[in-house]
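Report on one structure; see the data block that follows.
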Amino acid sequence: MSDSRRPYALAAVPAVFAVLSLLAALLPARPAFAAAPPKAPAATGAPAATAATAATAGAATTAGGAAPAVSGDLDPDLVALYIDLHRNPELSLHEQKTAAKLAERLRRLGFEVTAGVGGTGVVGVLRNGTGPTVMLRTELDALPVEEKTGLAYASTVKARNDAGLEVPVMHACGHDVHMTVWVGTAARMAQARNRWHGTLVMIAQPAEEVVKGAKAMLADGLFGRFPKPDYVVALHDTPKLPAGKVGFTPGFILASSDSVDVTIYGKGGHGAAPQTTIDPVVIAARTVLAWQTIVSREKDPQEPAVVTVGSIHGGTKHNIIPDEVKLQLTVRTYNREVRQRVLDAIARIAKAEAAAAGAEREPTVGVVESTPATYNDPKLTARVAAALARQLGAGNVVEAPREMASEDFSEYGLAGVPAVMVRLGAAEPAALARAQAAGKELPSLHSSLFAPDRDPTLHTGVAAETAMLLDLLGKPAG
């Protein structure tokens, strides 16, 4: 991805603010969702996870299966779908039941549905005369995380991962939110055909958490077997914004990600006779420390980068020096040239430290998982930000900073289609305000304690996605 696009991203920011300022002056701010009824307190004895957890716990189904209480005009059936998806998560590349649920929902709404695209992916097409083609994406997969929210509908699922190990499974990244909002938006668009024209393509993508699903769907003919979109849009929830607000980010929004495996080889032996060995543990320790200078000394300090060693394994017993040590790293960057420089430096330093220790075998270094930086088309971002301000109120649409997290939504933009991802606030507003006042953070995405402020988040998500689609499909492409 070329950094030549960055000036256009920066140039678009003043234009977006001008539009939002004008809307703020002309339109009265209005809430993104109807006032919710008072929420029940968390059950006695539940973990004191977060205020958001406590707020949503009271909205769960009862033991007797009563319909969930919902706020405003949120469809109880949609809340029931969310609870079902949250209770029954599936790991990446194994999302068969989840995909089937979403495919059936689209069929009921009149979409032409194709399952099994890129593995478990689902594509739904709704044609409504001539006009633009817009694609709306959600993800299907969950994470190997043990849920500790204390919600009445918390996941207790365990499943076998690809290594054959039994692991807990949780929607700790909010993909259950994304799917529910996606279904609600599909229903609204099907009911509002008199307000738009063109072709709506809904995709449910597998394996986002292992950054394989987007590539798999594209390789399986997503832009060839089905109408190629003029625009691609998506939402992603965040606990950094309160429910009811959405965030836009022109230009780069998420970093590239590279997962790197390194194996350092030595010569094992008795821990009491280290002179007879070449200790890979010591080599690994020196290597980890030397890698820290890549970010601080080998790149322009104005270019962000992260090098994190997330895993290091070596040895079996106190008094045995092992033959090898394995390390796993994650690398995050925006700039393509910086990305390559960092990866090259990781390999160079590992090999140099091994050589300095007299290791007889050079370390192996390999990138095993990779996804490019996610780039929001500035012109498209400005357009959807204005549409969101009209729908939600200008005060509920804010510019959000880019993050060093990653995801494979980037692949659709790299395939030649203008793309934009918008942030969906998911934090209970009062809990977020208290945390910020105390200088603390609410549980993040991928945390075992993450729980969105359910009803307001779902309501705002459906309103936001519908507003973006109606704007893009209500006018000629371009």
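Number of residues in region 273-303 that are touching a helix residue (DSSP H, G or I) at 6+ places or on another chain (Cβ under 8 Å), surrounded by 12 or more Cβ atoms within 10 Å (Cβ to Cβ) and not in a helix (DSSP H, G or I): the value is 3. Go through region 233-245 and give me each residue that's part of a strand (DSSP E or B) and either of a type outside the set (A, V, I, L, M, F, W, C) or surrounded by 23 or more Cβ atoms within 10 Å (Cβ to Cβ) (or both). Passing the criteria: Val233, Ala234, Leu235, His236, Asp237, Thr238, Pro239, Lys240, Pro242. The listed residues are Gly124, Gly164, Gly116, and the only one of them that is assigned by TED's automatic domain parsing to the domain that holds Val384, surrounded by fewer than 19 Cβ atoms within 10 Å (Cβ to Cβ) and in a strand (DSSP E or B) turns out to be Gly116.
Within this structure, Thr457 passes the test of being at pLDDT 95 or above, closer than 16 Å to Tyr82 by Cβ and polar (S, T, N, Q). Residues in region 127-139 that are in a strand (DSSP E or B) and more than 19 Å from the chain's Cα centre (by Cα): Arg127, Asn128, Thr133, Val134.
For Asp344, indicate whether it is at negative phi, out of contact with any Cys (no Cβ under 7 Å at 6 or more places or on another chain) and without any contact (Cβ under 8 Å) to a residue 12 or more places away in the chain. Criteria met by Asp344. Going residue by residue through region 225-235, is there one that turns out to be closer than 24 Å to Cys173 by Cβ and among the β-branched types (Val, Ile, Thr)? Among the residues of region 225-235, at least one is closer than 24 Å to Cys173 by Cβ and among the β-branched types (Val, Ile, Thr), which makes the answer yes. Out of curiosity, is Gln205 at pLDDT 95 or above, over 13 Å from the mean Cα position of the chain (by Cα) and polar (S, T, N, Q)? In short, no. When the criteria are applied in full, Gly224 fails the requirement of being in contact with a helix residue (DSSP H, G or I) (Cβ under 8 Å, 6 or more places away or on another chain) and over 25 Å from Pro144 (Cβ atoms).
Here Ala431 fulfils each of the conditions (1) in contact (Cβ under 8 Å) with a residue 24 or more places away in the chain; (2) surrounded by fewer than 22 Cβ atoms within 10 Å (Cβ to Cβ); (3) not in a helix (DSSP H, G or I) apart from (3). If you go through region 395-411, how many residues are under 17 Å from Pro250 (Cβ atoms) and assigned to a helix (DSSP H, G or I)? Within region 395-411, residues that are under 17 Å from Pro250 (Cβ atoms) and assigned to a helix (DSSP H, G or I) number 1. Residues in region 94-113 that are crowded, with 23+ Cβ neighbours inside 10 Å and β-branched (Val, Ile, Thr): Thr98 alone. Within region 202-225, identify whether any single residue is touching a strand residue (DSSP E or B) at 6+ places or on another chain (Cβ under 8 Å), touching a residue at least 40 places away in the same chain (Cβ under 8 Å), assigned by TED's automatic domain parsing to the domain that holds Val417 and more than 27 Å from Ile253 (Cα to Cα), and answer yes or no. Looking for residues that are touching a strand residue (DSSP E or B) at 6+ places or on another chain (Cβ under 8 Å), touching a residue at least 40 places away in the same chain (Cβ under 8 Å), assigned by TED's automatic domain parsing to the domain that holds Val417 and more than 27 Å from Ile253 (Cα to Cα), one finds at least one in region 202-225, hence yes. Against the conditions (1) touching a Pro at 6+ places or on another chain (Cβ under 8 Å); (2) of a type in the set (Val, Ile, Thr); (3) crowded, with 22+ Cβ neighbours inside 10 Å, Thr138 satisfies every one except (1).
Please verify whether Val246 is touching a strand residue (DSSP E or B) at 6+ places or on another chain (Cβ under 9 Å) and closer than 30 Å to Glu353 by Cα, treating the condition exactly as stated. So Val246 does not fit the description; no.
Consider Ala451 carefully, then state whether it is surrounded by 24 or more Cβ atoms within 10 Å (Cβ to Cβ) and in a helix (DSSP H, G or I).
Details: surrounded by 24 or more Cβ atoms within 10 Å (Cβ to Cβ): yes; in a helix (DSSP H, G or I): no.
No.
Here Leu126 clears all of (1) aliphatic (A, V, I, L, M); (2) on the phi > 0 side of the Ramachandran plot; (3) in contact with a Phe, Trp or Tyr (Cβ under 9 Å, 6 or more places away or on another chain) except the condition numbered (2). Just for region 434-449: of the residues that are free of Cβ contacts under 8 Å to residues at least 24 places away in the same chain and among the hydrophobic types (A, V, I, L, M, F, W, C), which one is farthest from Val246 (Cα to Cα)? Only one residue tops the list, namely Ala438. Among the residues of region 75-95, which ones are assigned to a helix (DSSP H, G or I) and over 20 Å from Ala186 (Cβ atoms)? Arg87, the sole residue that qualifies.
For first residues located in region 303-326 and in the same structural domain as Val281 (by TED's automatic domain parsing), partners that are of a type in the set (Asp, Glu) and not in a loop (DSSP other than H, G, I, E, B) and lie 6+ apart or on another chain with Cβ distances below 8 Å form the pairs Gly314/Glu324; Lys326/Asp261. Residues of region 273-292 that are touching a strand residue (DSSP E or B) at 6+ places or on another chain (Cβ under 8 Å) and charged (D, E, K, R): Asp279 alone.
Which residues, taken from region 246-259, are in a strand (DSSP E or B) and in contact with a helix residue (DSSP H, G or I) (Cβ under 6 Å, 6 or more places away or on another chain)? Result: Val246, Phe248, Gly251, Ser256.
When you scan region 388-419, how many residues do you find that are over 14 Å from the mean Cα position of the chain (by Cα) and of a type in the set (Phe, Trp, Tyr)? Reasoning before the result, please.
Taking region 388-419 and keeping what is over 14 Å from the mean Cα position of the chain (by Cα), we get 388-401, 412-419.
Imposing the further condition that a residue be of a type in the set (Phe, Trp, Tyr) reduces the set to 412.
Total satisfying the criteria: 1.
Just one of the numbered conditions (1) without any contact (Cβ under 8 Å) to a residue 60 or more places away in the chain; (2) surrounded by 18 or more Cβ atoms within 10 Å (Cβ to Cβ) is not true of Asp176: (1).
The values are calculated or read from the model by the stated rules, or taken from the named source; none is laboratory data. Since the structure is predicted, the reported quantities are computational estimates derived from the model, not experimental observations. Quick reminder, even Gly has a Cβ in these numbers, built from the backbone with ideal geometry, and neighbours come from all protein chains shown.
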